[in-house]
Amino acid sequence: AVVSTQSAHYGRGNLGNRYDCSRNAFDMDFNMKLRERAQLLDFNEYANWRQNGVAFDVRDGVFDIPNRTLCSGIINMVNGEKQLLRGYWGDIVTSPYIAHGVVTPLKSMYEVRNRINVRTSSEVSEYNVMCYIHQITTGEKYDRPPKPDRFTLAAKQQKEEEPKLTEITEEDEGDEETVDYTTSQVQAMSFSGGSNEKYKLEVVKPSCNVSIKFLPLGTVQQLSNKSQYQKQFDLIYFGVSQVSYFSPEITELLKDEANVLVENVKYIASLSKDQELQYLNKIKEYGVQAKCELLGSNDQSNNNFHFSFQRS
């Protein structure tokens, strides 16, 4: 959950006059801007996230403690004066389901019944993340079936709650036996002989030889001047917020034959069609300056734009 007070102020400012009918505003954003681009999005989950800031309810619990790590400060103009404002300035329209909950290799996840998705975005996200972790850890494809869907669970629960008539005979009553366990016996059963070896965590090393290094933002120009990073990268990926670093300096970092991926803005619901087209034109311009060729079509439905680089 995000910081509730700051998020509420942010949401009120975003909705403006629509704040009093926020549910209808959520419905319009969902159906007019996101539904056609992310078919696995579930409206009830989306509306609950817009209203409460809780996206993934993965366990039974009360999510009433705000996550203060999402709170940050910015300098903004207030009544003609610069003031430091602290609050939540992240996404409150698109939703975090876009990261892992709208596309999956498992075709059964796309099943629809009565024009309703059988799977929710949180279920798809959980399955995809499990696939990533399993493949990174073992190097093998994750082939386990997903958990039962919500309709199957609801039907099973309804069947279990149906009243049943059971005839109890005198023989059955005599067969009942009550067993009382002592505290030591319960501990022995719980901890396998009193030891806690079964609860020790095993550190699993990834099967692939990969090292990850986190660098501060704005270091592209600095890295291009260091010999240890020159001509070392097969692929560079730029997110929407970092696309300004797609500059001629990156050619010093790329190998003689390399690729560049740039994130599309298809899931940013607040942008208009004209703004999306301006973004595409800007990316093309950056690619020409960096001597990178745009591959494939310029279809806005793509998640990323693929550029190819060949050193002449």
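The values are calculated or read from the model by the stated rules, or taken from the named source; none is laboratory data. All values derive from a computational prediction rather than experimental measurement. Glycine also receives a Cβ, built like all others from the backbone with ideal geometry; neighbour counts cover every protein chain displayed. The area values use the complete protein model at the heavy-atom level, side chains included, leaving out ligands, DNA and RNA. Shrake-Rupley method; radii C 1.70, N 1.55, O 1.52, S 1.80 Å.
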**Prompt:** From the residues in segment 79-98 that are surrounded by 13 or more Cβ atoms within 10 Å (Cβ to Cβ) and aliphatic (A, V, I, L, M), which one is farthest from the chain's Cα centre (by Cα)?
**Reply:** Leu85
**Residue match in segment 145-155 (condition: over 20 Å from Asn114 (Cβ atoms), more than 21 Å from the chain's Cα centre (by Cα) and modelled with pLDDT of 75 or more)** = no
**Request:** Return a yes/no flag: does segment 112-121 have any residue that is open to solvent by 30 Å² or more (accessible area, probe 1.4 Å) and either in contact with a Cys (Cβ under 7 Å, 6 or more places away or on another chain) or touching a residue at least 40 places away in the same chain (Cβ under 8 Å) (or both).
**Result:** no
**Prompt:** Among all residue pairs at least 6 apart or on different chains, which show Cβ distances below 7 Å where the first residue, located in segment 145-159, is within 22 Å of Val129 (Cα to Cα) and the second is loosely packed, with under 11 Cβ neighbours inside 10 Å?
**Reply:** none
**Asked** Hey, Val58 hits all of (1) modelled with pLDDT of 80 or more; (2) open to solvent by 100 Å² or more (accessible area, probe 1.4 Å) but one; which does it fall short on?
**Response** (1)
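A quick yes/no check of all residues on (1) closer than 22 Å to Leu271 by Cα; (2) open to solvent by 40 Å² or more (accessible area, probe 1.4 Å); (3) modelled with pLDDT of 80 or more; (4) of a type in the set (A, V, I, L, M):
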| residue | (1), (2), (3), (4) |
| --- | --- |
| Arg18 | yes, yes, no, no |
| Asn31 | yes, yes, yes, no |
| Asp42 | yes, no, yes, no |
| Ala47 | yes, no, yes, yes |
| Gly53 | yes, no, yes, no |
**Message:** Tell me whether segment 128-145 contains one or more residues that are assigned to a helix (DSSP H, G or I) and surrounded by 17 or more Cβ atoms within 10 Å (Cβ to Cβ).
**Reply:** yes
**Complete:** Screening Ile283, Ile268, Ile250 for residues that are among the hydrophobic types (A, V, I, L, M, F, W, C), open to solvent by 50 Å² or more (accessible area, probe 1.4 Å) and touching a residue at least 12 places away in the same chain (Cβ under 8 Å) leaves only Ile268
**Message:** I'd like the full set of residues that are charged (D, E, K, R) and farther than 10 Å from Asn304 by Cβ, limited to segment 256-265.
**Reply:** Asp256, Glu257
**Request:** Could you please tell me which pairs satisfy a Cβ distance under 8 Å, a separation of 6+ or placement on different chains, a first residue in segment 213-241 that is modelled with pLDDT of 85 or more and assigned to a loop (DSSP other than H, G, I, E, B), and a second residue that is of a type in the set (S, T, N, Q) and surrounded by 10 or more Cβ atoms within 10 Å (Cβ to Cβ)?
**Result:** Gln230/Ser224
